[in-house]
1. Among the listed residues Gly241, Gly169, Gly227, identify the single one that is surrounded by fewer than 19 Cβ atoms within 10 Å (Cβ to Cβ), modelled with pLDDT of 95 or more and part of a helix (DSSP H, G or I).
2. Looking at segment 31-52, which of its residues are buried (at least 23 other Cβ atoms within 10 Å of the Cβ) and either assigned to a loop (DSSP other than H, G, I, E, B) or of a type in the set (Val, Ile, Thr) (or both)?
3. For Arg4, state whether it is modelled with pLDDT of 95 or more, part of a loop (DSSP other than H, G, I, E, B) and more than 8 Å from the ligand (Cβ to nearest atom).
4. Has segment 105-114 got at least one residue that is surrounded by 24 or more Cβ atoms within 10 Å (Cβ to Cβ) and either of a type in the set (D, E, K, R) or modelled with pLDDT of 95 or more (or both)?
5. Report whether or not Arg208 is over 14 Å from Ile246 (Cα atoms), out of contact with any helix residue (DSSP H, G or I) (no Cβ under 8 Å at 6 or more places or on another chain), assigned to a helix (DSSP H, G or I) and within 13 Å of the ligand (Cβ to nearest atom).
6. Every residue in segment 182-198 that is crowded, with 16+ Cβ neighbours inside 10 Å and more than 9 Å from the ligand (Cβ to nearest atom), please.
7. Kindly provide the set of residues from segment 162-205 that are among the acidic types (Asp, Glu) and within 22 Å of Ala15 (Cβ to Cβ), ordered by number.
8. Could you figure out which of (1) touching a residue at least 24 places away in the same chain (Cβ under 8 Å); (2) out of contact with any helix residue (DSSP H, G or I) (no Cβ under 9 Å at 6 or more places or on another chain); (3) away from the ligand (no atom under 13 Å from the Cβ) isn't true of Asp111?
Amino acid sequence: MSGRLSGKIAIVTGAGSRGPGLGNGKATALLFAREGAKVLCADQMKERAEETVGLIRGAGGEAFAFTADVTRAAECRAMVKIAVERWGGLDILHNNVGIESRKDLLETPEDEWDRVMAVDLKSMFLATQAAVPAMLSRGGGAVVCVSSIAALRGHGRTAYATAKAGVIGFVRSIAVQLGPKAIRVNAIAPGPVWTPMVEDLGPDARERRRRASPLGTEGTGWDVAWGAVYLASDEARWVTGQTLIIDAGLTLTTREGSLGLPSPGGP
Ligand SMILES: NC(=O)c1ccc[n+]([C@@H]2O[C@H](COP(=O)([O-])OP(=O)(O)OC[C@H]3O[C@@H](n4cnc5c(N)ncnc54)[C@H](O)[C@@H]3O)[C@@H](O)[C@H]2O)c1
């Protein structure tokens, strides 16, 4: 443990993984704890949160599992309350929860649009609204919201790309409001990291995703998690309202097909 988050109290939403392996939320909860934070692992699936907590405790860290659907305001408030009651405050909120929609404009049903907006965007508003009063009573804090490079490039997944762009707008808006109160707010825009969320895309898409970026290597939940450690830590004390792109350089390119979608001329 190198202690970059020593003494901090953190919440990670979606701290479990939807399948075996390592998602972005699980990796972030593990690294936060390894860096010395006490971590409330929130997930709508109890057993997923508990699995992450078990890994943290097994490595000598401190964590607690909490079941919450972060699209519900009352559950977000309960999540913050339990962290404050248990550990005395809150310093870090990592808004990781997100689901995909892979449909284009004409294919997207209204209920799928609404669900993606609720899970990928509204959840961040509700969790942050619940967390800020607790951070204020500690004299400040850090919020990190997981967006996606889908927000930054022309992208066929309409609801997902729109919600993830909304995350960046949300971050910029509240960074200005909360800066004078010593609360920093930043986004991470991961590229096509290989996590349980995308495993159903299959091995061919996995290989296309790997090859698409200038670095040509596969990203994992750890790559996203290290960015989160930085943004959550005091090392980033002068950084707010920013979007940290973690994508092996993919957004620098004009190559297509990199996100596992069939694409004419893609790699
Ligand atoms: N994998 C990629 O290529 C990629 C790329 C860019 C961004 N992202 C983003 O990374 C984040 C997801 O990362 P992950 O790997 O941890 O995903 P994951 O699906 O493995 O885990 C997310 C966890 O969130 C939980 N969850 C879902 N909805 C919830 C809700 N309403 N309330 C509480 N918990 C809920 C799930 O139960 C799951 O355990 C998302 O925001 C996603 O959009 C992923």
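1. Numbers: Gly241 fails: part of a helix (DSSP H, G or I); Gly227 fails: surrounded by fewer than 19 Cβ atoms within 10 Å (Cβ to Cβ).
Being surrounded by fewer than 19 Cβ atoms within 10 Å (Cβ to Cβ), modelled with pLDDT of 95 or more and part of a helix (DSSP H, G or I) holds for just one of Gly241, Gly169, Gly227, which is Gly169.
2. Across segment 31-52, the qualifying residues are Ala37, Val39, Thr52.
3. yes
4. Checked segment 105-114: no residue is surrounded by 24 or more Cβ atoms within 10 Å (Cβ to Cβ) and either of a type in the set (D, E, K, R) or modelled with pLDDT of 95 or more (or both).
5. yes
6. Of everything in segment 182-198, those that are crowded, with 16+ Cβ neighbours inside 10 Å and more than 9 Å from the ligand (Cβ to nearest atom) turn out to be Ile183, Arg184, Val185, Asn186, Ala187.
7. First pass over segment 162-205, keeping only residues among the acidic types (Asp, Glu): 199-200, 204.
Glu199, Asp200, listed by residue number.
8. The single condition Asp111 does not satisfy is (1).
The values are calculated or read from the model by the stated rules, or taken from the named source; none is laboratory data. Fair warning: this is a prediction, and the values are worked out from it, not measured in the lab. Virtual Cβ from ideal backbone geometry, glycine too; neighbours counted across all protein chains shown.
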